[in-house]
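The values are calculated or read from the model by the stated rules, or taken from the named source; none is laboratory data. These numbers were taken from a predicted model, which means no experiment stands behind them. Please note: Cβ atoms are built from the backbone with ideal geometry, for glycine as well, and neighbour counts cover all protein chains shown. With ligands, DNA and RNA removed, areas are computed over all heavy atoms of the protein, side chains included. Shrake-Rupley method; radii C 1.70, N 1.55, O 1.52, S 1.80 Å.
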Amino acid sequence: MQHSIRVFWVAIGFAVAVVGTGAAAGAVEPETNPPPQAADWAALAKLPDWSGVWTPSMSDQNARMKSAPPPWKPAAAAQIAKLEAAEEAGDPKGLFVNCLPESMPSWMLISHNAVEILFTPGRVTLLGESDGNRLRRIYTDGRGHPADPDPTFHGHSIGHWEGQTLVVDTVGVLPETYIASSEAIGLPNNGDMHVVEHIHLVGPDTLHDDVEITAPHVLTRTWKTTLILFRQRARKYDIVEGVCLQGNYSEGKDAAGNDVFVPAPQTEGGNVLPSDK
């Protein structure tokens, strides 16, 4: 199967379970998801502190994309040039439409939204603001990738710690997800993509995600870039709920007087028309 991408986290102990019907009497095998023990929770205290809400450095994103853009293959570069020209002419193409998630690797490249990082035994979870589909699970319990992963928007991520750095390996990303340098410039990865990340603190409230993207159908070589995130401790930076499709509806009543969402009138281009109320 095509596609690939990477991700990260902490190891927990293995438990065993008696094999069900058809197995030899007394045979045991490791549980897929053994319940965490007290020692597993205690081990979290030894990890670096990534708590709180993090926001990306948009100025660094823009500068980095100009100084070290993706190494596109010639055919891909020609398509990118057309997208750049359209954006320059004031008619940019929106890559992330119809409420599809930014996905991997674009979430780690160009997102302007906040992210929260959660440590639990055997897993690192990234929760993104903006829409309900922005979620990454990085397994750190020692499992490997599935032999034939079902492609998804964020892929299958496994990780391990090298000192204070979380090394994440991601595969199984849908070929339709974008490698993007902005919300208007980028191309689908077209399959067989593999993403490796090294995530680490460079200061008390600064996190670097060093990203390596291998996409043989559109890139001439592995592209290396970095996402910089700043920790926000103020309460006003808590992650808020964001539901992309909600903007396509207005509040109304049904025939029985219930509060319901009703489709909002839109232009041909998908923009919601002003209410006549």
State which residue is farthest from G247 (Cα to Cα) when the search covers only segment 71-108 and only residues that are under 17 Å from the mean Cα position of the chain (by Cα) and outside any loop (DSSP other than H, G, I, E, B). M108
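Of all residues in segment 204-216 being assigned to a strand (DSSP E or B) and open to solvent by 20 Å² or more (accessible area, probe 1.4 Å), which is farthest from H154 (Cα to Cα)?
Pass one, segment 204-216, residues assigned to a strand (DSSP E or B): 206-214.
Next, only the ones that are open to solvent by 20 Å² or more (accessible area, probe 1.4 Å) stay: 206, 208, 210, 212, 214.
Working: T206: 24, H208: 19, D210: 17, E212: 15, T214: 15 Å.
If we take residues in segment 204-216 being assigned to a strand (DSSP E or B) and open to solvent by 20 Å² or more (accessible area, probe 1.4 Å), then T206 is farthest from H154 (Cα to Cα).
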List every residue pair whose Cβ atoms lie under 9 Å apart, where the two residues are 6 or more positions apart in sequence or sit on different chains, the first residue falls within segment 41-59 and is at positive phi, and the second residue, located anywhere, is β-branched (V, I, T). G52/I117
(1) under 18 Å from P188 (Cβ atoms); (2) of a type outside the set (F, W, Y); (3) open to solvent by less than 10 Å² (accessible area, probe 1.4 Å) all hold for P92 apart from (3)
Search result, residues across segment 189-202 that are open to solvent by 40 Å² or more (accessible area, probe 1.4 Å) and either part of a loop (DSSP other than H, G, I, E, B) or within 23 Å of K82 (Cβ to Cβ) (or both): N190, D192
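Would you mind listing the strands (runs of 3 or more DSSP E) fully within segment 138-187 where at least 3 residues are within 27 Å of C99 (Cβ to Cβ)? Let's see the steps before the verdict.
Working: elements: 156-162, 165-171, 178-180.
Fully inside segment 138-187 and qualifying: 165-171, 178-180.
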Filter segment 217-264 for residues that are among the basic types (K, R) and in contact with a strand residue (DSSP E or B) (Cβ under 7 Å, 6 or more places away or on another chain); the one that is least open to solvent (accessible area, probe 1.4 Å) is R231
Can we say A86 is touching a residue at least 40 places away in the same chain (Cβ under 8 Å) and of a type in the set (G, A, S)? yes
With a cut-off of at least 2 residues that are modelled with pLDDT of 90 or more and among the hydroxyl-bearing types (S, T, Y), name the strands (runs of 3 or more DSSP E) lying wholly within segment 219-267. 223-232
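Limited to segment 223-240, what total is found for residues that are out of contact with any Pro (no Cβ under 9 Å at 6 or more places or on another chain) and of a type in the set (S, T, Y)?
The initial filter retains those residues of segment 223-240 that are out of contact with any Pro (no Cβ under 9 Å at 6 or more places or on another chain), namely 224, 226, 232-240.
If we keep only those that are of a type in the set (S, T, Y) too, we end up with 226, 237.
Adding up the residues that qualify gives 2.
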Starting from segment 227-240, take each residue that is on the phi < 0 side of the Ramachandran plot and list its partners that are at pLDDT 80 or above and open to solvent by 90 Å² or more (accessible area, probe 1.4 Å), counting only C-beta distances under 8 angstrom and pairs at least six apart or across chains. R231/P204
Within segment 116-130, track down each residue that is under 20 Å from P101 (Cβ atoms), in a strand (DSSP E or B) and out of contact with any helix residue (DSSP H, G or I) (no Cβ under 7 Å at 6 or more places or on another chain). E116, I117, L118, R123, V124, T125, L126, L127
Restricting segment 43-67 to residues that are at pLDDT below 90 and among the basic types (K, R), the residue that is surrounded by the fewest Cβ atoms within 10 Å (Cβ to Cβ): K66
Within segment 109-144, restricting attention to residues that are at pLDDT 90 or above and of a type in the set (S, T, N, Q), which residue is most open to solvent (accessible area, probe 1.4 Å)? T120
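Can you name the residue in segment 165-179 that is open to solvent by less than 10 Å² (accessible area, probe 1.4 Å) and among the β-branched types (V, I, T) and, of all such residues, is nearest to I110 (Cα to Cα)? So that I can check it myself, show each step before the final result.
Applying the first criterion (open to solvent by less than 10 Å² (accessible area, probe 1.4 Å)) to segment 165-179 yields 166, 168, 170, 172-173, 177, 179.
Next cut, among the β-branched types (V, I, T) only: 168, 170, 173, 177, 179.
On the way: V168: 19, T170: 18, V173: 17, T177: 13, I179: 10 Å.
The selected residue is I179.
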